[in-house]
Amino acid sequence: MKPVISIEQLSFTYAGSEHPAISEISVTVKPGEFIGITGPAGAGKSTLILCLNGIIPHFQHGEYRGRVRIDGVETLTMHCAEISRKVGSVFQDPEAQIVASTVEDEIAFGLENFGVEPDVIEARITDALQRIGIEGLRHRSTTELSGGQKQRVAIAAAVALRPEILVLDEPTSELDPLGTKEVFEVLKQLNREYGLTIIVVEQKINILLEYIERLWVMNGGRLVADEPPRRIVNQPELLTDVGLQIPPVSELMYRLKAAGYYSGELPLTVDEAYWALLKCRGGKR
Amino acid sequence: MIKVEQLTFAYPNGMPVLENLSFEIKSGEFVALIGQNGAGKTTLLKQFNGLLKPTGGTVRIDGIDTRNSTTGILAQKVGFLFQNPDHQIFLPTVAQEIGFGPANLGCSREEIDRRVREAAAQVGLEPYLNENPLFLSKGQRQRVAFASLLSMRPQVMVLDEPTTGQDYREGIEIMEMVKALHRQGHTVIFVTHDMELVARYAERVIVLSQGRILMDDTCRRVFYQPDVLRRTNLFPPQIPTLVQKFDCYQEDFGTPLSVEELYATITGCGGEEYVHCS
């Protein structure tokens, strides 16, 4: 399958900075992948996201080297409007990106800007609300929504534009545990049912490993690991080397396995850990 | 140290955010305040240093009714670390920032210097005293904000989501600093959505839901009552959640909070008997 995103030898140094924020990143993404990005502060995660949605190099000054191609076309040669039709973006703070006073108007805003016909807009709004599962919020005022609801409205507004790729930069950092789960459930559904390619930056490693198929670990501007979650929990040093941790249930079974009490697959979730712990019985006699 | 009696609070022209809360926090406690977005956690924290005053009932800090006091007086008893350090940093050098509070108290030059050095040492900022805070990393700026509350030598420390926006290592570093101060006798109250952090540091947990107290108990008892927690959009940390999937967990595993505790229980019985009745 042809890659939907291909990044070649990408480096970027912000104007006025001495050190590159990202260095020599080369990686490709296939259509329909669900990718998580994690890493310590200053690793270059947000910079990489800005290179995917075209804000770098179109709006951010600095030294740009290498290439980002979306569907084979280099972002450097595309108009920003063109990129935004292919790549939808959702950021950390839903307050900062919601502009309209009702949910319906918020979702219509991007569509109107794209010059979509009014009767098509109607259908797109209904469709986006259904896809995200928030039909009930359609006529609500955006100011009275919870954090999790606001972030789902922001995702619906991005999805209404029918992007091929959705990039999200720490979309749950302001949310409580339930709001966080709601956002990831929506992403999973968009990925499974509609084949949307999703790339999400996230610090909450427990939930990230539960949902994604592929993890990029960044450190010091470089991509230092690119593995499926199952491999990550088998090699905790991929995370601990950069100051992060595997989930507690994975760590528990990793240690039990290392000590000879368990010999199966390492769990990614609490549910998997339950079955692993059952099998642990008589592991060492 | 803190005595809250029938506290009710409403923002002007709004519905009550806090309703009829009563509790006490004793000197030297380490308390986590948890609850869903909009539960009233930050509103409650702001009552402790007089940034907000009750519309009904009383809040007493070390015997002082906050309604008869000022934030200037209360800041010497209760230090407040905001979620975003950039909301409280405004001076051109780290030393000036840390010394701002004592200077406002009217301390002498020598006293200010002494307090600045002491607070900087507590958070490991001595090498940066002459730097501009804006050129420091986010984790370091959080330490600057932290040192500027320490220089007021407050007995109580109130921390509003101290690890949000920080990576795992920075978050743990901040909490370890707080833990060290707690060992020296400080009272700590912190708000967080990270239940793993609560399990690791808090002794007592107050669960807030829609402006009321849903639970107020030890960390262990709170996380072993998941039905109550779920009513305020929270889930226990992974280890208690895992253990509670087993029917006779108390008999088999006890009530562990951490990987270390559960690992010790399992390996302690030879890995043979611990799931027998599930």
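Hey, any hits in the stretch A:149-160 for a residue that's in contact with a helix residue (DSSP H, G or I) (Cβ under 6 Å, 6 or more places away or on another chain), of a type in the set (Val, Ile, Thr) and modelled with pLDDT under 90?
No; the residues of the stretch A:149-160 include none that is in contact with a helix residue (DSSP H, G or I) (Cβ under 6 Å, 6 or more places away or on another chain), of a type in the set (Val, Ile, Thr) and modelled with pLDDT under 90.
Residues are listed down the side, and each one gets a yes or a no for (1) surrounded by 22 or more Cβ atoms within 10 Å (Cβ to Cβ); (2) away from chain A (no Cβ under 14 Å):
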{"residue": "B:Leu129", "(1), (2)": "no, yes"}
{"residue": "B:Ser137", "(1), (2)": "no, no"}
{"residue": "B:Arg143", "(1), (2)": "yes, no"}
{"residue": "B:Ala199", "(1), (2)": "yes, no"}
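Pick from the stretch A:1-41 the residues that are among the hydroxyl-bearing types (Ser, Thr, Tyr) and in a strand (DSSP E or B): which of them is surrounded by the most Cβ atoms within 10 Å (Cβ to Cβ)?
Once the filter is applied, the top-ranked residue is A:Thr38.
State whether one or more residues within the stretch A:173-186 are within 14 Å of another protein chain (Cβ to nearest Cβ), of a type in the set (Lys, Arg) and either within 19 Å of A:Leu239 (Cβ to Cβ) or surrounded by fewer than 21 Cβ atoms within 10 Å (Cβ to Cβ) (or both).
The answer is yes; a qualifying residue exists.
Take A:Leu196 and tell me if it is modelled with pLDDT under 95, open to solvent by 10 Å² or more (accessible area, probe 1.4 Å) and farther than 25 Å from A:Ala41 by Cα.
Answer is no for this residue.
I'd like to check which helices (runs of 4 or more DSSP H) are fully inside the stretch B:49-127 and have at least 3 residues that are open to solvent by less than 50 Å² (accessible area, probe 1.4 Å).
Helices (runs of 4 or more DSSP H) meeting the threshold: B:94-104, B:109-123.
Checking A:Gly44 against (1) more than 14 Å from A:Ile165 (Cβ to Cβ); (2) surrounded by fewer than 22 Cβ atoms within 10 Å (Cβ to Cβ); (3) not hydroxyl-bearing (Ser, Thr, Tyr), only one condition comes out false. Which one?
With (1) more than 14 Å from A:Ile165 (Cβ to Cβ); (2) surrounded by fewer than 22 Cβ atoms within 10 Å (Cβ to Cβ); (3) not hydroxyl-bearing (Ser, Thr, Tyr) applied to A:Gly44, the lone miss is (2).
Is there a residue in the stretch A:86-97 that is within 16 Å of A:Ile155 (Cα to Cα), outside any helix (DSSP H, G or I) and of a type in the set (Ser, Thr, Tyr)?
Scanning the stretch A:86-97 turns up at least one residue that is within 16 Å of A:Ile155 (Cα to Cα), outside any helix (DSSP H, G or I) and of a type in the set (Ser, Thr, Tyr).
If I ask for residues that are of a type in the set (Lys, Arg) and touching a residue at least 60 places away in the same chain (Cβ under 8 Å), which ones from the stretch B:141-176 would you list?
Passing the criteria: only B:Arg153.
Being over 25 Å from B:Thr164 (Cβ atoms) and in contact with a strand residue (DSSP E or B) (Cβ under 8 Å, 6 or more places away or on another chain) is the requirement here; does A:Gly39 meet it?
Taking the combined requirement at face value, the residue does not satisfy it.
Could you list, in sequence order, the residues of the stretch A:125-144 that are open to solvent by 50 Å² or more (accessible area, probe 1.4 Å), modelled with pLDDT of 90 or more and of a type in the set (D, E, K, R)?
Passing the criteria: A:Glu135, A:Arg140.
Which residue is nearest to the chain's Cα centre (by Cα), if the candidates are limited to the stretch A:263-285 and must be open to solvent by less than 60 Å² (accessible area, probe 1.4 Å) and at the interface with another protein chain (Cβ under 8 Å from one of its Cβ atoms)?
Top of the filtered list is A:Val270.
Regarding B:Val188, is this residue closer than 30 Å to A:Asp241 by Cβ, open to solvent by less than 10 Å² (accessible area, probe 1.4 Å) and more than 14 Å from chain A (Cβ to nearest Cβ)?
No.
Considering only the stretch A:222-230, I want to know if a residue exists there that is within 21 Å of B:Asp247 (Cβ to Cβ) and either open to solvent by less than 40 Å² (accessible area, probe 1.4 Å) or more than 8 Å from chain B (Cβ to nearest Cβ) (or both).
Checking the stretch A:222-230: not a single residue is within 21 Å of B:Asp247 (Cβ to Cβ) and either open to solvent by less than 40 Å² (accessible area, probe 1.4 Å) or more than 8 Å from chain B (Cβ to nearest Cβ) (or both).
Looking at the stretch B:225-240, can you tell me whether even one residue there is within 14 Å of chain A (Cβ to nearest Cβ), over 27 Å from A:Ser146 (Cβ atoms) and in contact (Cβ under 8 Å) with a residue 12 or more places away in the chain?
yes
Considering only the stretch A:145-159, I want to know if a residue exists there that is surrounded by fewer than 19 Cβ atoms within 10 Å (Cβ to Cβ), more than 13 Å from every other protein chain (Cβ to nearest Cβ) and part of a loop (DSSP other than H, G, I, E, B).
no
Can you work out which of the residues in the stretch A:233-259 that are farther than 20 Å from A:Val217 by Cβ and more than 8 Å from chain B (Cβ to nearest Cβ) is surrounded by the fewest Cβ atoms within 10 Å (Cβ to Cβ)?
Among them, the one singled out is A:Ala258.
Mind checking whether some residue in the stretch B:27-45 is modelled with pLDDT of 95 or more, under 20 Å from B:Arg204 (Cβ atoms) and open to solvent by 60 Å² or more (accessible area, probe 1.4 Å)?
Within the stretch B:27-45, one or more residues are modelled with pLDDT of 95 or more, under 20 Å from B:Arg204 (Cβ atoms) and open to solvent by 60 Å² or more (accessible area, probe 1.4 Å).
The values are calculated or read from the model by the stated rules, or taken from the named source; none is laboratory data. Given the structure is predicted, the values throughout are model-derived calculations rather than measurements. Cβ sites come from the backbone with ideal geometry, for glycine too, and all protein chains shown count toward neighbours. To get the accessible areas, we keep the full protein, side chains included, count just its heavy atoms, and leave off ligands, DNA and RNA. Shrake-Rupley method; radii C 1.70, N 1.55, O 1.52, S 1.80 Å.
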